[in-house]
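Read through the structure below, which is laid out as structure tokens, and then see the notes.
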Amino acid sequence: MIPELGQFSLVLAAVLSLVLGVFPLWGTFNHNTSWQALARPTALLQFVLVALSFACLAYAFLTNDFSVKYVAEHSNTMLPKAYQFSAVWGGHEGSLLLWMLMLTGWTAAVALFSQSLPLAMVARVLGVLGLVGIGFMLFILLTSNPFDRLFPIPPDGRDLNPLLQDPGLVIHPPMLYMGYVGMSVAFAFAIAALLSGRLDAAWARWSRPWTVIAWAFLTFGIGLGSWWAYYELGWGGWWFWDPVENASLMPWLVSTALIHSLMVTEKRGSFKAWTVLLAIAAFSLSLLGTFLVRSGVLTSVHAFATDPTRGVFILIFLAIVIGVSLALFAWRAPEVTLGGSMGVVSRESFMLLNSVLLVVATGAVLLGTLYPLIIDALNMGKLSVGPPYFNLVFAPLMVPLLFILVPGTVAHWREAKLADMWMQLRWVALASLVLAIGLPFVWGSWSAGTALGIFLGMWVALGSLNNAIERLRKPGRIGGSFWGQHLAHFGLAVVVLGITGVKSFEVERDVRMGLGDTVTIAPYTFRLVDMVDVNGPNYKAMQAHVEVAKNDQVFDVLYPEKRRYFSSAMPMTEAAIRSGFWGDLYVSLGDPLPGDKPSWSMRVYHKPFVPWLWTGVLLMVLGGMVAAMDRRYRKRNVAAQLKTAGESLSSAA
Amino acid sequence: MSWSPRQKRFGLIAGGILVLSAAAAFVLNAFQSNLVFFFTPTQILNGEAPIDKTFRIGGMVKAESLKRDGTEVSFVVTDTAKDITVRYTGLLPDLFKEGKGVVAQGKLNGQGEMMAAEVLAKHDENYMPPEAQHALDKAAQARAAQSVKP
């Protein structure tokens, strides 16, 4: 009964998407304000219905209702309750429902927090979101219904993939989806602006906080995925250039360009057409990511059932979205006015370079991700593009990007003087250079790559600190967007330092260990002291006790496990990690080895600076949130404010 | 030096195009030299696989072919028609099993064995890497073609 209720409310929500996608938009064409006014209540009701549907599916999971096919395939009576709940998005159908919940959630949020926007604009934005919603609703109802029943009812479910039974994976998909789906809001604002024919500073200002929040969620989701891969896959890597990772990285790169470009559009009225294109690209790449991950063209932990009709559906949807938005763009673009003039050296020109580098990086990732798939689809052979390509291409693009970040934050709008910028930054430059030359010796060994990484990290970190100190010396209230910007840049610097550190100084040993054997990675000594059997709720495990000593002083015991889940024949490696400020000690247990005395293969790693990656990502997320909370976005009287801003702009120009 | 707006715009556009084409040339060059092609054991024994260049092999791990010496392992990859020995140092992925599909990446040594730098881990017990499946299918097709001939 409950699953039918879920199905019913989902169908109702789909009808409401249709209403939302048609009437308010229509209302903006024939100036019917009562149709436009439909947008807000429809958006809210749609969210309530999808939430109800989601709750019904969760209820089916928590009550072990194996008559629902999706529940039977992804849960089990022995599964701990928390994982029974997270199993709701442990498979294809449920994760789409989660996607839909996020989309209607964002739509409802726009409906609630758009009091300062003109009604017609609200109607357009919510209408576009409604149209996107129709696409996904049809996708769920036609190809991936989570409420399908199963007969005969199995006595127990199949269990959740053991890899997904992990706290990191409980929150990774919702966060990533918040980011992906959030891009639909930026997209909706861009399309609404195109429809209205008014691409102006006001549009950029409305769209900015939403885009920044979506970006922050996307950053967090990617960071969580990387963190999960690091500790759960058991071999200490944190980024693999796997197509699934690339699928999330591409929208991230483009949306990073977008939040910067939006700033130029808001402050200077320039880059308007470019900003719109970036918004369209960010959303299209989010859809492409969904296509890659959900269609089964890629095989990974994310690709659940492979059903070609699903892939075709998303591909058609993607084609419609890109085609219609570009057509609309081509129609409206000639009316877009150029903004204020910009100098060869100015904040605008730095922002332009930022956009170009990020878009080229996206293109490079896109090429490496799609080319093997296209060649395979055309039956022209099988090939793969591995990490060497991505590393080779990515680093030279990120180096100039990180370098221009700092002068970009001090350059004036319109026209900047290199001499002034140098005066402001000379101490930062000098300090970064000294640290880059000195620190590698302190941390281990010197190499040019390490020094370059440290220079860039320090350059950005000290540059941000310098800006903050300079600003604090001046009077006046400092807005959230200032703090957010510098916090996020500082976080990026921490990530860069973390990557440099772990790439330069990591030590990996794959060894054979018997009881009592030791392995040393200076200054740490690892000793295998015991091997015991342990029982978990739905698995049995072999657990090693590994003592870690520094200068003959034992300071910790690590417990890596090899688990065997009852529901599946596949073993699972649970690495044991000791994290500290300067890095991680990482031990994971391999297979028992043949021989006279019992011994096992083991991975024993020293991973310096890895916690810096996660810290940096968190700072970036925090920065995004702080920037989005800036008070000026919440001013009720935005229209009046913008008018004065526009006047001062034109008088300045 | 003072530039007219027109010159400025021209300079910006020209600079942009220059940077963009340099970046594109660089990306494509890196791309070209880092493609990793895939071969079946039959193709490798036919001499189709490159010497001194990394490539991928796919197929099944032959039953009872896994030998361990400490962390050095060797096993035989078969497409049911031909066999290739693969050597690898390190821990095998959780899902590595005799009789199951496998994909390895590396180079050939002088003895016609593959020195693998990477044995690929996938996440599902019932999952067959597409490359491995492809190798088995090709060998099966070749056999079918042969049995028709006489």
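What follows is calculated from the coordinates using simple rules that are stated; it is not laboratory data. Quick caveat, the model's predicted, so the values are computed rather than measured. Quick reminder, even Gly has a Cβ in these numbers, built from the backbone with ideal geometry, and neighbours come from all protein chains shown.
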Given unit charges at Cβ for Lys, Arg (+) and Asp, Glu (-), the dipole magnitude of the protein assembly as shown about its Cα centre in debye, nearest 20, is 2880
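For chain A, what's the relative contact order in percent, using C-alpha pairs closer than 8 Å and at least 6 residues apart?
12
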Pop a pseudo-label 7 angstrom from the Cα along the beta-carbon direction at both A:MET1 and B:LEU28 and give the gap in nm to one decimal.
-> 6.7
Cα gyration tensor, the stretch B:38-148 - rounded (a/c under 1.5), prolate or oblate | oblate
In nm, spacing of pseudo-spin labels at A:HIS545 and B:LYS100 (7 Å Cα→C-beta vector) | 3.1
Karplus (6.51, -1.76, 1.60) ³J(HN,Hα), θ = phi - 60°, over the stretch A:522-527, in Hz, Gly and Pro reported as x = 3, x, 9, 10, 9, 10
To the nearest 500 deg cm²/dmol, what mean residue ellipticity at 222 nm is calculated for the protein assembly as shown from DSSP H runs of n ≥ 4 alone, each contributing -39,500 (n - 2.57), summed and divided by the residues?
-> -20500 deg cm²/dmol
Kindly put A:THR409, A:THR518 in sequence by how many other C-beta atoms sit within 10 Å of each C-beta, fewest to most.
-> A:THR518, A:THR409
Name the lysines eligible as straight-distance cross-link partners of A:LYS69: C-alpha to C-alpha under 17 Å, and not fewer than 8 places from it in the same chain.
-> none
Hull shadow area, averaged, chain A [alpha-carbon convex hull, nm²] | 32.5
Furthest towards positive pole of dipole, A:LEU262, A:ASN551, A:PRO592, structure part chain A, Cβ charges | A:LEU262
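With +1 on each Lys and Arg Cβ and -1 on each Asp and Glu Cβ, how big is the dipole of the stretch B:38-148 about its Cα centre, in debye rounded to the nearest 20?
160
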What residues qualify as long-range amide H neighbours of B:GLU118, i.e. H under 5 Å apart, gap of 5 or more or another chain, H built at 1.01 Å from N?
-> B:GLN105
Rounded to whole Hz and in sequence order, give me ³J(HN,Hα) for the stretch A:366-382 from the Karplus expression 6.51 cos²θ - 1.76 cosθ + 1.60, θ = phi - 60°, writing x for Gly and Pro.
-> 4, 4, x, 7, 8, 3, x, 5, 5, 4, 5, 5, 8, 6, 9, x, 10
Tell me which lysines have Cα within less than 18 Å of A:LYS607's Cα, excluding those fewer than 8 residues away on the same chain?
-> A:LYS503, A:LYS550
Taking a straight Cα-to-Cα line shorter than 15 Å from A:LYS597, and setting aside same-chain aspartates and glutamates fewer than 8 residues away, one finds A:ASP517, A:ASP530, B:ASP69
Collect residues whose amide H, placed 1.01 Å from N in the peptide plane, falls under 5 Å from the amide H of A:PHE609; neighbours closer than 5 in sequence don't count.
-> A:GLY583, A:ASP584
For the charge dipole of the stretch A:169-409, defined by +1 on Lys and Arg C-beta atoms and -1 on Asp and Glu C-beta atoms about the Cα centroid, which residue among A:TRP238, A:ALA327, A:ILE316 has the Cα displaced farthest towards the positive pole?
-> A:ALA327
